[in-house]
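Heads up: the structure comes next, in structure tokens.
Coordinate-derived values only; no laboratory data. Computed from a predicted model, the values in this text were never measured in an experiment. Glycine also receives a Cβ, built like all others from the backbone with ideal geometry; neighbour counts cover every protein chain displayed.
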Amino acid sequence: MHGTPQKSRPKSSPRRPKTSPGAPPTPESATPRRSLRRISCISEPKSPQTPIPRVAKSLATDRLETPRSARKSRKSLLCSEKTPSKAPTFSPVTPNPPESKKRKRSETGESKPRASRTPKGRVYYKKVVYDGGEFEVGDDVYVKRREGAESDDEDPEVEACRICFQSGRLVMIECDDCLGGFHLKCLKPRLKKIPEGEWICRFCEARKMGKEVELPKPPEGKKLSRTAKEKLLSSDLWAARIESFWKEPDGIYWMKCRWYMIPEETVVGRQPHNLRRELYRTNDFSDVEMESVLRHCYVMSPKDFREADNEGDDVFYCEYEYDVHWHNFKRITDIDNDDEDGEEAGNDEEWKFPEDLHGDIDENSEYEEHKTIDYSAQKNRTHELAANSHKGRIFGLQRIGIKKIPEHVRSHKQTDLEKAKATLLLATLPKSLPCRNKEMEEIAAFIKGAICDDQCLGRCLYIHGVPGTGKTMSVLAVMRNLRSEVDAGTIRPYCFVDINGLKLSSPENIYRVIYETLSSRRVGWKKALHYLNERFSDGTKVGKEENKPCVLLIDELDLLLTRNQSVLYNILDWPTKPHSKLIVIGISNTMDLPEKLLPRISSRMGIQRLCFGPYNYQQLQEIISSRLRGLEAFEEQAIEFASRKVAAMSGDARRALEICRRAAELADYRLKQMSQSKQSSFPVDTSKGKHLVGMTDVEAAIQEVFQAPHIRIMKNCSKLSKVMLVAMVHELYRSGLGEITFERLATTVHSLCSSNGEVLPGWDTLLKIGCKLGESRIILCEEGTKHRLQKLQLNFPSDDVAFALKDCSEVPWLSKYL
Amino acid sequence: MRRKPLCFPPSARSLSQRIRGDAMTVAEKAQALLRRRLCSPTFAHAAFKSSPESNYSKLRFLISSSIAEACNNSVLLLGPRGSGKIAVVELVLEDLKAEHPDAISVIRLNGLLHSDDNCALKEIARQLCVEHQLLFSKMASSDDNSQFVMDMLRECGLAHKTIIVILDEFDLFTQGKQRLLYSLLDAMQTLISQAVVIGVSCRLDADQLLEKRIRSRFSHRKLLFVPPSKEDVQRLLECLLHLPKDSSFPSKYVTEFNRRLSNILSDKKFKEVLDSLLDVDGSVSNLLRLLFRAVSYMDMESGLLSLENFKSAYLCTYRQPKIDNLEDASILELYILVCMNRLETKEQNSYNFNSIMKEYKAIHDAYKTSDNYANNVCLRAFEHLLEQELIGFTDSKGRTPSIEFHPVKLLISSRELYQGLTSNSSCPAILQKLFDHESYK
């Protein structure tokens, strides 16, 4: 490991060829501008006095695609191409901070110097008080972008009214279009209070109508000073998220930050659906001196943004991440902020950036190294970089993002029905999990008991229940709660391994997966078994993690059955070992799985069991209506009907949710068709009652789910097929047997046809028809090469045939034989 | 006369002309247009696009709403073969791809090829890689592949891209442990993904084949494909065969063609032909097959369709292969068949070549026919019958080296045999008498 920054920087120089246009098969991987920004970041001289990061920034303004700055950018681009090495000359003014600001650097109590661990003299902090502001890792800040801008000194916290140009304490309203502020009293007509929903000022309104608008001029001598927000949105300032801080040996404070971008700076430019206050998070990092940080701003997720109404001017909205290499967008998931799913997101977390660096330099340089390898490997080792192999995945996936955020996603106003559909999705995790409190308490008690117990001997829980009764969901919810308790420090930390039996390619692979999650190394399963045996039986440590208790959740446990059941035995045997600290939770459908196993296994597993019974209709109803709370989409009886029906059939919550979603879909389809057909004739008349999902929709959905479609097929099949089916029912009834040979059937068809004056079909035709019916499994038949010896039998009860064909208009005489 | 290259036979003249593109007559052009329509898998189904009850609009709504609302869905398309399941899917995808460019990636799997889970996962990974211009490695393990597929599902979901997985012959994916279906459907309910799984099957009980935990994860949307009704067939015929007014054809020809066509379509005899075709199999593909034949029979002189074309086309589709075989059978073969039939009516359930020969000799002795052949000649005829599958071994297993001793069975019924004997021109009278004698007494 290379310790000093002096070393690590040359090390990262291979990055340069990567970004240069010559290298990889990236689409337009590096425009000179971007690479310049990057390179200049990297090749910054050792004396931190020179304001390189800022130069880099002024170069990076070239990226602007807006016409406003096009001229300027072209000029600077030219220069930059000519003299990339002279980059520092660009900023004529060294950024001497305004003398007025008093300098105060103090380390707060929470900062934890790690000087002992980092030999090169960098000191990392989690929290820094700088220039009077307190900054923390993960905060969003404004960063200065351009030097010498005349109005940079004044930084008005409160913006002035666009009409009277006074700032004052009065209530102001913000236009949703131009973001200008207006005093309520200055407006014509005056507003008493802030209106609900969107509000657009009259200037923008007029502009939209196509009129020329003359904005009120500021009074003589008073310039309209711009707030930081305005400067940011006109790309005179930058916003960034702080990833880490450190102090160089010479006492200068630096930070690593992740840039935000305004829509104008992306390749596609501002799109009509972009909000005024929208920013994109990029995957572009650089090191910046703390000097250039201005103050805090707040970049929020859509949910927080909606709630943050009165939080001041520096609030921004960020829903997407922008990839600067590939120029594409991706939604930001909650997973990023949610540590609990860290292991799932682990593999692309690695690519992005360790979100919480905790000021650990080891991790930092490891990352650097990793990245270097990735890029150099790109040329020679194609297999490793193939996206579907383990190594390449990190590299390939950031390419997936969409080039342009589709408009329908953003500007679409959801109706209640569509919202209902979204909440009924199986994938949406509900806020609360009703009806499984008892079981969840039991699981929590079991795990807590096992963890807190010093020995935790032989802890094994078997959970069973029919599909869709919330087994896995409950366990995962309990684990989430426990995780927060660990964070709060009330219980000991543990590690959690989650395995699904059906997702393993073979039962033995489970060793490999367990070992990989425990130690993050990949080995073959035999070796993994060996290591795991060592760890659990003998108590040797695996990897660097301390001897934490380990909770192993195995979903679909019955899939681990091998012929000699050794996999299950091994896994269930470990908890009985004194040093193992292993807790196994097995989930499966069958109640008597332990009894079906060898006695030595069932004695280890069958002791503690938990049964998830099927939901009854009240529970189902509660589950559905808890999801639909606050939405006016379903009639009350409709929900009850659906839940009663499902409870009677299976008690499967998934099924109930799907039926309701399907019903909502059907209602939505009906409404949309109606509005389409009505649009032509007269304006849509949407009365309130028609928007609700009613009994008929639920009924239709239930029909679709539970009823086999054979009756409709029988009703619609060709005439000869009908005759054949009837002949079959007739003959089977007469003989009392279950099956019939083709010869008999054909003679019966012939006699039926001749006695009713129909054309006699040829035998080969009949054979073809029989095979067609057999294909759709209305009848079961042997292969057609047996010809007259072929045996046929009905796949559905003969009553169904009678029901389907009784009053058939095409061949009325059929009913005689039923 | 122009010199032609020697390698073209005279009959290929029109072909060579067509290649040069100079002398394609109006009739040829019309025929080509009609054939193109009939061969295109989607043209026939595009006729039903507009109606809200059609499967097209239902499926389109389903997929487009899951694109617009960023949700997962799974749907089964059920219906007999030839009812246009895949064609409708293709139509919908074509439309949606035009509507949302760059946001849809389609994965196509076929149960006949990819019923093995590992192979299917690999194929999905490969197609995803091709779609997104990523490097694909053949050597990746199945764990890697499945991990990759899950990652892609999530990433595409984050990027508002929809992955549509079409599983043709869905019933074949339900063999084995159904790991592929489980991991797909489970991913769809746990990840933030945006995927639609479309299962296509001709088995009506396809969803019953799923294991219960997979069935619970499957969202049971089903679209049923039934053969078109009589009115729909009429509409379809008009839409398929009418020449367009605004085309390169001379307008006189177009009006004449269309007038003749409407005459045919409303003709009673044509309706009879159509009915007898649809009585057997009412699917769209069957109809298209008939029409293609009819168009190929079109009279190139006048360039107009006639009722005769449809009739002869119908006769081509309406074939009885076994009767045809019997018509061409040799006398000795007929003797063997009649002997077998006699043995069966004597309720002798198991017999082989030697017992047939005994019967043959007995007939010969009794009636003193002129058709007496040596044993090895009879064996040749016997083998020929076996090849034609008019007769067959009772059990295909345990085949002994000599076929003389292998028990055999007659595969045609006595009624068919009777029909064959009467239609065979060279059938000796004695044989018919023999047959009549025993079956109708």
>> Quick check on my link table: of A:Lys303/B:Lys212; A:Lys715/B:Lys58; A:Lys719/B:Lys269; A:Lys722/A:Lys786; A:Lys438/A:Lys581, which ones sit more than 28 Å apart, alpha carbon to alpha carbon?
In response: A:Lys303/B:Lys212
> How long is the gain from B:Tyr367 to B:Glu211 if the chain were fully straight, where each residue apart is worth 0.36 nm and the alpha carbon distance is subtracted?
Replying inline: 49.6 nm
>> Between region B:369-395 and region A:470-541, what is the separation of their alpha carbon centroids in Å?
In response: 70
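Per residue of A:704-711, how many C-beta atoms from partner chains lie within 10 Å of its own C-beta, taken as a mean?
Other-chain Cβ atoms within 10 Å of each residue's Cβ, averaged: 5.
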> Got a sec? How would A:Glu205, A:Glu319, B:Glu155 order by Cβ neighbour count within 10 Å, fewest to most?
Replying inline: A:Glu205, A:Glu319, B:Glu155
> Label-point separation (nm) for A:Lys438 and A:Val486, each offset 7 Å from Cα along Cα-to-Cβ?
Replying inline: 3.0
>> What does the C-alpha gyration tensor say about the overall shape of region B:87-212? Classify as rounded when a/c is under 1.5, otherwise prolate if a/b is larger than b/c, or oblate.
In response: oblate
> Using θ = phi - 60° and the Karplus curve 6.51 cos²θ - 1.76 cosθ + 1.60, what whole-Hz ³J(HN,Hα) does each residue of region B:255-264 get, with Gly and Pro shown as x?
Replying inline: 5, 4, 4, 5, 5, 4, 5, 5, 4, 4
> Can you list residues whose amide H is under 5 Å from B:Ile104's amide H, if they're 5+ apart or on another chain and H is modeled 1.01 Å from N?
Replying inline: B:Thr162
>> Compute a Gaussian network model of chain B, connecting alpha carbons closer than 10 Å, and tell me which residue from B:Phe136, B:Phe173, B:Phe225 fluctuates the most.
In response: B:Phe136
> So what is Rg over Rh here for region B:87-146, counting just Cα atoms and using Kirkwood for Rh?
Replying inline: 1.04
> Per the helix-only calculation at 222 nm, which mean residue ellipticity applies to chain B, given -39500 (n - 2.57) for every DSSP H run of n ≥ 4 and division by its residues, nearest 500 deg cm²/dmol?
Replying inline: -17500 deg cm²/dmol
> What is the count of Lys pairs in region B:323-439 whose alpha carbons sit under 22 Å apart, if the two are 8 or more places apart or on different chains?
Replying inline: 12
> Which cross-chain or sequence-distant (5 or more) residues have an amide H under 5 Å from the amide H of B:Leu76, H modelled 1.01 Å from N in plane?
Replying inline: B:Gly199, B:Arg221, B:Lys222, B:Leu223
> Fewest first, what order do B:Met139, B:Met24, B:Met298 take by the number of other Cβ atoms within 10 Å?
Replying inline: B:Met139, B:Met24, B:Met298
> Using mean Cβ contacts within 10 Å as the protection proxy, how do A:797-807, B:84-94 order, highest first?
Replying inline: B:84-94, A:797-807
>> Classify chain B from the C-alpha gyration tensor, please: rounded if a/c falls under 1.5, else prolate or oblate depending on whether a/b exceeds b/c.
In response: oblate
> Do any of A:Lys548/A:Lys596; A:Lys127/A:Lys231; A:Lys816/B:Lys85 go past 31 Å between their Cα atoms, and which?
Replying inline: A:Lys548/A:Lys596; A:Lys816/B:Lys85
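Based on other C-beta atoms within 10 Å, arrange A:Trp525, A:Trp813 from fewest to most.
With the fewest neighbours first, A:Trp525, A:Trp813 line up as A:Trp813, A:Trp525.
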>> 5 Å is the cut-off here: which amide hydrogens, built 1.01 Å from N in the peptide plane, fall below it relative to A:Asp131, excluding neighbours closer than 5 in sequence?
In response: A:Lys104
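Averaged across B:93-106, how many Cβ atoms of other chains sit within 10 Å of each residue's Cβ atom?
Average neighbour count from other chains, rounded to a whole number: 1.
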> PRE reach from A:Met674 (point 7 Å along Cα→Cβ): which of region A:612-632 fall under 13 Å by backbone N?
Replying inline: none
> What average count of beta carbons from other chains do you get within 10 Å of the Cβ of residues in B:221-231?
Replying inline: 3
>> Let me make sure I get this right: for region B:229-317, a, b and c are the square roots of the gyration tensor eigenvalues over alpha carbons, sorted descending. Under 1.5 in a/c it's rounded, otherwise prolate if a/b > b/c, else oblate. Which is it?
In response: prolate
> Applying the Karplus parametrisation 6.51 cos²θ - 1.76 cosθ + 1.60 with θ = phi - 60° to the phi angles of region A:298-304, what ³J(HN,Hα) value in whole Hz is obtained for each residue in order, glycine and proline being reported as x?
Replying inline: 10, 9, 10, 6, x, 5, 5
